[in-house]
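Since every read-out is calculated from the coordinates, none of them should be taken as a lab result. Owing to the predicted nature of the structure, the values given are computational and were not obtained by experimental measurement. Don't worry about glycine lacking a Cβ; one is built from the backbone with ideal geometry, like all the others, and counts go over all protein chains shown.
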Amino acid sequence: MMINDIGEARIRVPDQIRRGDLITVNAIVSHPMDTGFFRTVEGDPIPAYFIKDVIVSYGSQEVARFEWTSGVSRDPVVSFTLIADKEAPLTMVWSDNKGAIFKQSVTISFVSA
Amino acid sequence: MSERRAFFRSCAAALTGLITTRTERLLAATGLSLEPEDPEVPNQEVARILKELFGGRPIRRGHVELDMPVVAEDGRVVPVIIESDLPMSADRYVTGVHLIVDHNPDPHLAAFHLTPAIGSVSISTRIKMKRTTWVRAILETNTGEVWAGYARVLVTLNGCG
């Protein structure tokens with residue numbers, strides 16, 4: 001998965017979902033996740049710049065919330081499970097320490113039986 | 001040639017024997033056992049974090065599988081998988097998963113707050129590690145129980161700067 005712009009995000013869910021399935025959700029967001037401990041080649045310090053909060057919503061319900069530090073690797077990936085019990089959007093909102101907010105969502109829909 | 005090889009082999013065997021007995025003696029002296037390996041005593045910062053998160057509640061080992069490489073060649077990208085067999089039902093579920101890397105500049109690396117809608121504890125991500133250390137995955141349930149899984153990871157390249 002190649003993504004370049006800061007905040008560009010992808011969420012992947014299985015192609016075929018049936019009501020009640022326990023699905024795995026994979027997400028990635030493009031972000032430098034700078035720790036603040038590194039310097040440029042010119043010797044200038046690179047300030048800390050990282051995603052600190054992730055909110056996962058399914059329909060109108062907040063189902064998970066992650067608190068991160070700059071210890072999470074560059075272009076953070078995360079995967080988790082979800083009980084697909086309704087046809088609704090799955091939305092993730094990533095917030096960084098400079099106040100930027102990045103949003104991505106996929107629709108959970110069921111295959112007709 | 002074969003004599004020489006045999007000689008080296010016997011030397012290696014002798015050395016291994018020596019190390020093993022020394023390790024065993026050391027373990028016997030300190031009262032530690034090899035199985036299951038215990039994480040090191042938390043340093044001041046980790047102890048503070050554990051107290052802040054869990055108060056005086058006992059942190060028991062079990063119900064948590066922390067899957068990490070034994071050797072991480074690049075400390076900038078170390079895969080982590082945290083799984084648990086604890087229930088995720090409406091009345092009994094895991095409310096939070098804390099990832100603590102003892103010798104990182106910021107040891108409390110991540111917290112994952114969950115609800116029963118998640119269905120199971122099966123989280124994966126990639127983290128940075130400064131040096132060889134113990135990693136702790138500690139789960140908290142809605143009933144106040146605290147369960148932990150530990151892994152020691154050998155880090156070759158510092159990923160934190």
Amide H to amide H, which residues 5 or more places from A:D75 or on other chains are under 5 Å from it, using H placed in the peptide plane?
A:H31, A:M33
Which ³J(HN,Hα) values in Hz, rounded to whole numbers, follow from the phi angles of the range A:61-69 under the Karplus curve 6.51 cos²θ - 1.76 cosθ + 1.60, where θ = phi - 60° and Gly and Pro get x?
9, 7, 9, 7, 9, 10, 10, 10, 10
Return the lysines within reach of A:K52: Cα separation strictly under 21 angstrom, same-chain partners fewer than 8 residues apart disregarded; answer none if there are no such residues.
A:K98, A:K103, B:K128, B:K130
Explain nothing, just the number: relative contact order of chain A, from Cα pairs under 8 Å at least 6 residues apart, as a whole percent.
30 percent
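Quick one: order A:T24, A:T81 by neighbouring beta-carbon count within 10 Å, fewest to most.
Fewest-to-most ranking of A:T24, A:T81: A:T24, A:T81.
Net charge within 15 Å of A:E62 by Cβ-Cβ distance, Lys/Arg positive one each and Asp/Glu negative one each, not counting A:E62 itself?
Within the 15 Å Cβ shell, the charges total +1.
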List the residues whose amide H sits under 5 Å from the amide H of B:Y93, counting only those 5 or more places along or on another chain, with H placed 1.01 Å from N in the peptide plane.
B:N142, B:T143
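Determine the sum of side-chain charges near B:N104: Lys and Arg each +1, Asp and Glu each -1, restricted to other residues whose C-beta is under 9 angstrom from that of B:N104. Show your work: numbers first, answer last.
Details: positive: B:K128, B:K130, B:R131; negative: B:D102, B:D106.
After counting each charged neighbour, the total is +1.
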How about the range B:86-141: which chymotrypsin sites (Phe, Trp or Tyr not before Pro) there are in a DSSP loop, with at most 15 other Cβ atoms within 10 Å of their Cβ?
none
How far, in nm, would the chain grow between B:N142 and B:D67 when pulled straight, counting 0.36 nm per residue and subtracting the alpha carbon separation?
24.6 nm
Taking the number of other C-beta atoms within 10 Å as the exposure measure, put A:F50, A:F66 in order starting with the fewest.
A:F50, A:F66
Taking the Cβ of each residue in A:R65, B:R92 as the centre, tally the other Cβ atoms inside 10 Å and list the residues starting with the fewest.
B:R92, A:R65
So, R0 is 25 Å and r is the distance between the beta-carbons of B:R60 and B:R92; what FRET efficiency does that work out to, to 0.05?
0.95
